[in-house]
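Below you'll find the structure, written out as structure tokens, and then a few comments.
The values are calculated or read from the model by the stated rules, or taken from the named source; none is laboratory data. Remember, predicted model here, so these are calculated numbers, not experimental data. All Cβ positions, even for glycine, are placed from backbone atoms using ideal geometry, and neighbour counts span all protein chains on display.
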Amino acid sequence: MPNVRCAQCGLVNFLSAEECKRCGAALVGALEVGDELSETAREKSKRGIGRRVLAGLGLSAFIVFGWYVSLLETSQAASYDERQLVRRAVDEIERAGFSRDAFLLRRLASYRTNDNWWNCLTGHDEAYAATNFPFEIVTLYPEFFKYATDDTERAVVLLHEARHLAGSREEHALVSVWRDKRRLGWTREKYGQTRIWKNVSDSTHRYAPHLFGCGEDGQQDCAE
């Protein structure tokens, strides 16, 4: 038979009782013992789910942090002189008005000069730099320092990596940088014969041939 518990003294009374047999308190509106137990079980269940969610989030954060540290530990940090070249190139990016890209490169990116274990495992095409998103690790290869003719060309490569730092895929990064190149002063007239111009032009043409279909002959750069 269902019973009700007195809210004042805790005595369990018959369901038909109007007042508590022990203390005389009114039992109107008191929870049945079965309902009371169900309510307690529901509260415990909610607390259990909350704890499991927090434990899952904590475990995920630990794994992500461990992954990030492992990428740093298996690669070499850029030297002081190399970081100075990066700083000057980022200054060029900021002067051109790309403040968000400059912020990502200056405040969030960690610069390395050889492949970490993840890059070695996944492999990549020949490149001047590579980015591990969302860990914001930028690897600068020897070609970045060897073949860039000046700060502007280094800025072009880093602007490409900044787009990856923001989560863009390769096609979007190439297309957006190609369209923005004149703001950096990276023009065909001045840089058309450099190695980086030819490599970036070829890669962009491969991913976005529509950017090279302008002019009377249908073969001109649409971003110029």
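From the list Ser70, Ser75, Ser99, the lone residue that is closer than 30 Å to Arg182 by Cα, among the polar types (S, T, N, Q) and modelled with pLDDT of 80 or more is Ser99.
Under the condition of being assigned to a helix (DSSP H, G or I) and not charged (D, E, K, R), which residue from the stretch 128-157 is farthest from Ile93 (Cα to Cα)? Checking each candidate, the answer is Pro142. Within the stretch 141-162, the only residue that satisfies the criterion of being touching a Ser or Thr at 6+ places or on another chain (Cβ under 6 Å) and either surrounded by 17 or more Cβ atoms within 10 Å (Cβ to Cβ) or closer than 15 Å to Asp101 by Cα (or both) is Glu161.
Please tell me if Lys198 is surrounded by fewer than 17 Cβ atoms within 10 Å (Cβ to Cβ), without any contact (Cβ under 8 Å) to a residue 24 or more places away in the chain and either farther than 23 Å from Arg95 by Cβ or not assigned by TED's automatic domain parsing to the domain that holds Glu94 (or both).
yes
Out of Ser79, Ser99, Ser60, which single residue is surrounded by fewer than 13 Cβ atoms within 10 Å (Cβ to Cβ) and more than 21 Å from the chain's Cα centre (by Cα)?
On the way: Ser99 fails: more than 21 Å from the chain's Cα centre (by Cα); Ser60 fails: more than 21 Å from the chain's Cα centre (by Cα).
Every option except Ser79 fails the conditions.
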